[in-house]
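I have placed the structure first, in the form of structure tokens, so that the comments after it can refer back to it.
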Amino acid sequence: MLNKLLSGLTILSAVVLLASCNYQTTSEVSHKTVAITSKNAPATNLPLSQAMRNGNLVFLSGQLGFAPGTMTLEASFEAEASRVFTNLQAVAKEAGGDLSDMVKLNIYLTDLNNFETVNKVMQQHFTAPYPARTTIQVAALPKNGNIEVEGIMVLTD
């Protein structure tokens, strides 16, 4: 009988202790999802956002090598690739970060022969440690683009 009483008191003590703690469960934590738009990156009338932020995560839509305002592609592949990263930087800045906050990139090329040029351009826009990355060749990109890059960014508080 004494063992049952002590066991009951131990459980009751644990319940009281837990009830007195100030904590939040995962289901109680709520992050508002916010659309991010930069006037320094090409605007689109498509059903998409340039980026979406939820908490400290930012998901950046694919950017092509268009100059904001004119919506013309840069003349060379290298200039087009550089413009893509400049456009991503503009959206990242609007979200409260920069390219150094990128943790993952997906790069889509219409010609994998441009792979080394992409590496060269990335070294002009990023420093080590570089984001994780996937590069694949695709049959085509919108508006005859030659490169598109999307990414995931983690912001620090």
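Every read-out reported here was derived from the displayed coordinates using simple, explicitly stated rules and does not represent laboratory data. This is a predicted model, so every value here is computed, not measured. Ideal geometry is used to build each Cβ from the backbone, glycine not excepted, and the neighbour counts take in all protein chains shown.
Just a few scattered comments:
- Residue exposure proxy: S49, S82, S100, ordered by other Cβ atoms within 10 angstrom of their Cβ from fewest to most, comes out as S100, S49, S82.
- Sequence of R53, R133 once ranked by neighbouring C-beta atoms within 10 Å, starting from the fewest: R133, R53
- Close amide H contacts of G65 (hydrogens built in the peptide plane, cut-off under 5 Å, sequence separation of 5 or more or a different chain): N146, I147.
- Amide H contacts under 5 Å for T135: I107, restricted to partners 5 or more places along the chain or on a different chain, H placed in the peptide plane at 1.01 Å from N.
- Legend: ranking of residues V34, V84 from fewest to most surrounding C-beta atoms inside 10 Å; resulting order V34, V84.
- The phi-based Karplus calculation (6.51 cos²θ - 1.76 cosθ + 1.60; θ = phi - 60°) puts the 3J(HN,Hα) values of region 35-41 at 6, 10, 9, 10, 6, 8, 10 Hz, whole numbers, x for Gly and Pro.
- Gain upon complete extension [A132, A79; 0.36 nm per residue less C-alpha separation]: 16.8 nm
- Dipole magnitude for region 28-154: computed about the Cα centre from +1 point charges on Lys and Arg Cβ and -1 point charges on Asp and Glu Cβ, it is near 220 debye.
- Dividing the mean sequence gap of close Cα pairs (under 8 Å, 6+ apart) by how many residues region 54-126 holds gives a relative contact order of 29 percent.
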